[in-house]
1. Among (1) of a type outside the set (A, V, I, L, M, F, W, C); (2) assigned to a helix (DSSP H, G or I); (3) within 14 Å of chain A (Cβ to nearest Cβ), where does residue B:338 come up short?
2. Can you tell me which residue among A:125, A:140 is at the interface with another protein chain (Cβ under 10 Å from one of its Cβ atoms), on the phi < 0 side of the Ramachandran plot and polar (S, T, N, Q)?
3. What do you reckon, is residue B:510 of a type in the set (A, V, I, L, M, F, W, C), touching a residue at least 12 places away in the same chain (Cβ under 8 Å) and over 17 Å from residue B:422 (Cα atoms)?
4. State the number of residues belonging to the range B:304-332 that are among the polar types (S, T, N, Q) and within 10 Å of chain A (Cβ to nearest Cβ).
5. When the residues of the range A:69-90 are narrowed to those that are within 13 Å of the chain's Cα centre (by Cα) and either part of a loop (DSSP other than H, G, I, E, B) or free of Cβ contacts under 8 Å to residues at least 24 places away in the same chain (or both), which ends up surrounded by the most Cβ atoms within 10 Å (Cβ to Cβ)?
6. For residue A:182, only one of the following conditions fails: (1) crowded, with 20+ Cβ neighbours inside 10 Å; (2) over 28 Å from residue B:276 (Cα atoms); (3) facing chain B (nearest Cβ under 7 Å). What is its number?
7. Just name the residue that is farthest from residue B:55 (Cα to Cα) out of those in the range B:84-110 that are among the aliphatic types (A, V, I, L, M) and in contact (Cβ under 8 Å) with a residue 60 or more places away in the chain.
8. Collect the residues in the range B:89-104 that are within 17 Å of residue B:79 (Cβ to Cβ), more than 24 Å from the chain's Cα centre (by Cα), of a type in the set (A, V, I, L, M, F, W, C) and part of a helix (DSSP H, G or I), keeping them in residue-number order.
Amino acid sequence: MQLSQELIQKVIAEVLAEVMNGAPAPSSAPEAEVSGIVCTEKGKAARGTDPREVVVAVTPAFGTTFTKTIVDVPHAEVLRQIFAGIEEEGLRVRVIRVYHTADVAFMAHQAAKLSGSGIGIGVLSRGTSIIHQKDLNPLSNLELFPQSPLLDPLTFRAIGKNAAKYAKGEQPTPVPTKNDPMARPRYQGLAALLHNKEARFIDRNKAPMEISVTFEG
Amino acid sequence: MAQQKRSKRFEVLENRAVHKDGFIGEWIDVGLIAMGSPNDPKPSIKVQNGKVVEMDGKTRANFDMIEQFVADYSIDTSVAEEAMSKSCLELARMLVDINVPRDEVRRLFGALTPAKLAGVMAEMNIVEIMMAMQKMRCRQTPANQAHVTSAKDHPVLLAADAAEAALRGFVEIETTVGVVRYAPFNALALLIGGQVGRPGTLSQDALEEAFELQIGMRGLTAYAETVSVYGTESVFVDGDDTPWSKSFLASAYASRGLKMRFTSGTGSEVQMGAAEGRSMLYLEARCVMVTKGAGVQGLQNGSISCIGVPGAVPSGIRAIAAENLITMALDLEVASGNDQTFSHSDLRRVARTIPQFFPGTDLIFSGYSATPNYDNMFAGSNWDIEDVDDYLALQRDFRVDGGLKPVSEDEVIAARNKAARAMQAIFEEFGFPPITDEEVELATYANGSKDVGTRNVPEDLKAAERLMKEGVTGIDVAKALAKRGFRDIAAALVMMMKQRVSGDYLQTSAWIASDGTVYSAVNDPNTYQGPGTGYQMSEERWNEIKAIPWAVNPEDI
């Protein structure tokens, strides 16, 4: 828990600093830290026409304010694994940053609606993920991974792979569900802090932006 | 710098389970505070021509949508000025005073504002909250709800576990999924298993709202609970909802004769980063009032899935009991939480349940995990099936009715086996992927999904989709069961379908007995007014609770 305590204090200190200085929450993504990835916004995300693409939606804080998940998987590793999963099925990946919501279901549904295949993935900074399809209700899903502390690099790869399989019209076996009943007592307070930080970058009037991702090192 | 010399005592303490729990200091600006935030509004009300024109320091023109809704639909304006003129302390004393009848408290509390409700709770300590619960819950006889889920969404195991849960005395059973497309099978498993364990058991499938309504209307579930309401406008809007849209959904259930309740709980708003600096309990008071205003009969609260948040801050578990009490005081059924893991410490786990277990609530747990927690797809409950003998012992130790009864291994095995065989027959009748005799055997004797095999998931999912596409209803299930010789289960299913026509179980806090009789706040109202009144355990029930099978019988020695 020691790392988590440090993280809590860091988040609180940062947010308090913002409040003290009276600075408004930034409406666009802040400068990149050492996340291992460089994201460049390429303009408003358009609806894709390529049936062989999967769209991944991330939050403004992903890879910028935050650099790793709640269990310290670097964001570079998260994306590298999801990309690898999609690419080993022979499909393309496109990444968007969603500003109008930090609800992972709505983010993924947005990605699915912009995806040429109709399949999208949503990922929060803390790791919470979901595979979505454009014709489903926003709060439904193809596969949901709600327990962020249980998501390791291989799970992210499996998420990418299964999303690609859905995009190809296959019926893959869902990624085996992990369940740790003790994740909540250990991590929920922390998750609440992280989400409060994540939600500070919401801009209800800003459309999703397409981003290009390059991996460093 | 040299390592500071450590106390062996403190090293021992640091390795105790409680140190694995998350504890966080209050952070008032974002609403990470259980009760009494300095940012909470001060109670006030002004009524003109039967309309609330000012509430909690805000004029009508400045109401957000939640305030507008509760001002228009939740507050009894004919009583508002009388009720609001009483101090929070006076109202708190009425809650615990045995000489003030429940009806009088209810009359006044139906006219309080959210800030006033939160203010009344702030005057009460935890024992007073429990005393008030004993008096204020709607239904006199307490009951209990279980979770029945499987990490593998294994339909045979789910049916067996549902049968056992019903046999053990849970009047309601609830499932959800690991993989969402398994949902139709999970509903089917609980429907069948529940009626095998005890005819009259109410079952539900907690899922996306449109789907949940659809399977309810089909007769594959008997009630719904996962219709969430929130205490701030932005969280509501984030979910594409308003109090009006939730009310509309509630009326859709009522129109088909289906029981339903809303769900809310402290901590959800701050968990979603949108508490607007208000305390968790103040926001929850708004949720309870939205529920009341929507005309819904009951509410599941007690933090529920966000309990890690109030559980981490000071006075959080007291706030959770207080939110249950607000619900009761507004004359709503309460399914009072205790349904989610919140601590590694067995001591904290038990203490968290005391405020609902000793006074009794409509549904003490919402629910108790009827499977081992590793199979609990609500991410774990505060108590699971491996704790059940402890629970039975507590009922017996304190002569408390917690809704469960001791059962023998033989009757559990028989019920599990019958439910598994009924599922096998249904799958064959409907042409779903076969359930083998081995699967029936494994599910019968299993503790959890580690004890059963893995099914062909893609094939099951295709069949589950077909069940929805072909429009299979509860009556189709009953017909197939009758055809295969399970006439008693078929009869129970038909009885459950008839309940939607008579609609008696739409009354507040209803459950259905084995013979189809509905018990609710209408025919079993809480009449507690001090010792010797209210719920009195019958001799028969006490004998049942006493008879834990592992107690030594003096006559045998």
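What follows draws every value from the coordinates through simple rules; no lab data is involved. Please read these numbers as outputs of a predicted model, since none were measured by experiment. Cβ coordinates were reconstructed from backbone atoms using ideal geometry, including for glycine residues, and neighbour counts include every protein chain displayed.
1. In the conditions (1) of a type outside the set (A, V, I, L, M, F, W, C); (2) assigned to a helix (DSSP H, G or I); (3) within 14 Å of chain A (Cβ to nearest Cβ), residue B:338 misses (2) alone.
2. A:140
3. The answer is yes for residue B:510.
4. At the first step, the residues of the range B:304-332 found to be among the polar types (S, T, N, Q) are B:305, B:315, B:324, B:327.
Now restrict to residues that are within 10 Å of chain A (Cβ to nearest Cβ): B:305.
Adding up the residues that qualify gives 1.
5. Within the range A:69-90, the match that is surrounded by the most Cβ atoms within 10 Å (Cβ to Cβ) is A:69.
6. Unmet for residue A:182, out of (1) crowded, with 20+ Cβ neighbours inside 10 Å; (2) over 28 Å from residue B:276 (Cα atoms); (3) facing chain B (nearest Cβ under 7 Å): (1).
7. Per the stated criteria, the residue is B:98.
8. Hits for the range B:89-104 are B:91, B:94.
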